[in-house]
Amino acid sequence: MSKTAKTILKIGLPLTLGLVLVWYSLNKISVQELYNYAKGANYWYIALGVTFGILSHASRAYRWLYMAQPLGFKPKFANSFMAVYAAYLINMTVPRAGEIARASILANYEDVPFEKGFGTIVSERVADTLMLLLVIGLAMVYQYDFLMDFFNSKFQTSTLVTLLVLGLAFGSLVILFVLKSKGSIATKIRNFLTGLLEGVLSIFKMKNKWYFIAHTIFIWVMYVLMFYVTTLSLSEFSAIPFGAVLVGFILASFSIAATNGGIGSFPEAVVIAFTLFNLPEDPSRAFGWIMWSAQTLAIIILGGLSLIYLPIYNRKLKEV
């Protein structure tokens, strides 16, 4: 497959999937119903959710400063903050292009070599992946009884045991394949896991590692709170179980990677999670759209302003 075809697929597939899911979602709930839910929502909670989102991104921008300092650079927080928001905005148009754009912005305005800047951003992603895994683990422990009851209601005990044995056998075969095979796929997996391990170890070798870890925890606490307080904007979720919030947050997080900025996939991921807890489908879908719209609007505004103001801000610094 040519490089052009791969690029088209990389951009076109998520966008097509997103548009299909938007069509599907709006066939499940009308625009008028969505408008009614949005009109009746408590905008103080929505605003609080957006504020938590901004705080998380500000913490992400500040956290990066700790990674740049050992490389011999002292970047300005303003540039890091604007680079983060510009990256989020670009990710909404071309998936995963934001990280490249962020490294380019830092190279342009902070003289951080692109390769080094991109390397630190990859290390950040390692920390965030670990935090997402931690949230998933927390959800599994917190909702252990619920999950067991759910699977027991869907499968017989003998079926669950069979699935577990088959899963362990399959997992063992995959591990053996990755460790022993010299094929390109196995090599890529090994390189990815090696890079993941190196990224984790590099965090603990940092001079300000505890500040970095504190910011990482803060970022993800803000993410969960951002999701939770926005659910309270609809009266139907005034007593939502925290387990539903965790599962909804996890599935919604994965949905953002599935399509451009989670368009279409975000509300449907919320519906899947919430209906597991017997929460009503229409308010769940409406909440998904309200949450996605509020956060996306904030990214469009702040990301757009960042792209406009970055050259102005740095030109003024040179004039001083």
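The values are calculated or read from the model by the stated rules, or taken from the named source; none is laboratory data. These numbers were taken from a predicted model, which means no experiment stands behind them. Positions of Cβ are generated from backbone atoms using ideal geometry, with glycine treated the same way; all protein chains shown enter the neighbour counts.
Looking across Ala139, Ala127, one residue alone is assigned to a helix (DSSP H, G or I) and either polar (S, T, N, Q) or over 18 Å from Thr216 (Cα atoms) (or both). It is Ala139. Being touching a residue at least 12 places away in the same chain (Cβ under 8 Å) and within 30 Å of Leu276 (Cβ to Cβ), is that true of even one residue in the stretch 99-111? No, because not a single residue in the stretch 99-111 is touching a residue at least 12 places away in the same chain (Cβ under 8 Å) and within 30 Å of Leu276 (Cβ to Cβ). The helices (runs of 4 or more DSSP H) found entirely in the stretch 6-93 that carry 2 or more residues being under 24 Å from Leu305 (Cα atoms) and among the polar types (S, T, N, Q) are 43-68, 77-93. Residues that are surrounded by fewer than 23 Cβ atoms within 10 Å (Cβ to Cβ) and in a helix (DSSP H, G or I) within the stretch 277-288 comprise Glu281, Asp282, Pro283, listed in sequence order. Within the bounds of the stretch 303-320, is there any residue that is farther than 30 Å from Lys76 by Cα and surrounded by fewer than 18 Cβ atoms within 10 Å (Cβ to Cβ)? Within the stretch 303-320, not a single residue is farther than 30 Å from Lys76 by Cα and surrounded by fewer than 18 Cβ atoms within 10 Å (Cβ to Cβ).
I need the full set of residues from the stretch 236-250 which are without any contact (Cβ under 8 Å) to a residue 60 or more places away in the chain and within 10 Å of the chain's Cα centre (by Cα), in order please.
Matches in the stretch 236-250: none.
Answer yes if at least one residue in the stretch 37-51 is within 17 Å of the chain's Cα centre (by Cα) and at pLDDT below 85, and no otherwise. There is no residue in the stretch 37-51 that is within 17 Å of the chain's Cα centre (by Cα) and at pLDDT below 85.
If you scan the stretch 24-36, which residues turn out to be free of Cβ contacts under 8 Å to residues at least 24 places away in the same chain and surrounded by fewer than 15 Cβ atoms within 10 Å (Cβ to Cβ)?
Asn27, Ser30, Val31, Gln32, Tyr35, Asn36
Among the candidates Ser233, Ser238, Ser253, the residue that is in contact with a helix residue (DSSP H, G or I) (Cβ under 8 Å, 6 or more places away or on another chain), farther than 20 Å from Tyr88 by Cβ and among the hydroxyl-bearing types (Ser, Thr, Tyr) is uniquely Ser233. Regarding Thr296, is this residue surrounded by fewer than 23 Cβ atoms within 10 Å (Cβ to Cβ) and either assigned to a loop (DSSP other than H, G, I, E, B) or under 14 Å from the mean Cα position of the chain (by Cα) (or both)? Taking the combined requirement at face value, the residue satisfies it. Residues in the stretch 95-113 that are under 18 Å from Pro311 (Cβ atoms) and in a helix (DSSP H, G or I): Ala101, Arg102, Ala103, Ser104, Ile105, Leu106, Ala107, Asn108, Tyr109, Glu110.
Being surrounded by fewer than 20 Cβ atoms within 10 Å (Cβ to Cβ), more than 14 Å from the chain's Cα centre (by Cα) and among the polar types (S, T, N, Q) holds for only one residue in Asn108, Asn79, and it is Asn108. Each residue in the stretch 241-276 was checked for being closer than 21 Å to Glu33 by Cβ and surrounded by fewer than 19 Cβ atoms within 10 Å (Cβ to Cβ), and 2 of them qualify.
Can you find a residue that is modelled with pLDDT of 90 or more and more than 25 Å from Leu55 (Cα to Cα) anywhere in the stretch 224-240? The answer is yes, given that some residue of the stretch 224-240 is modelled with pLDDT of 90 or more and more than 25 Å from Leu55 (Cα to Cα).
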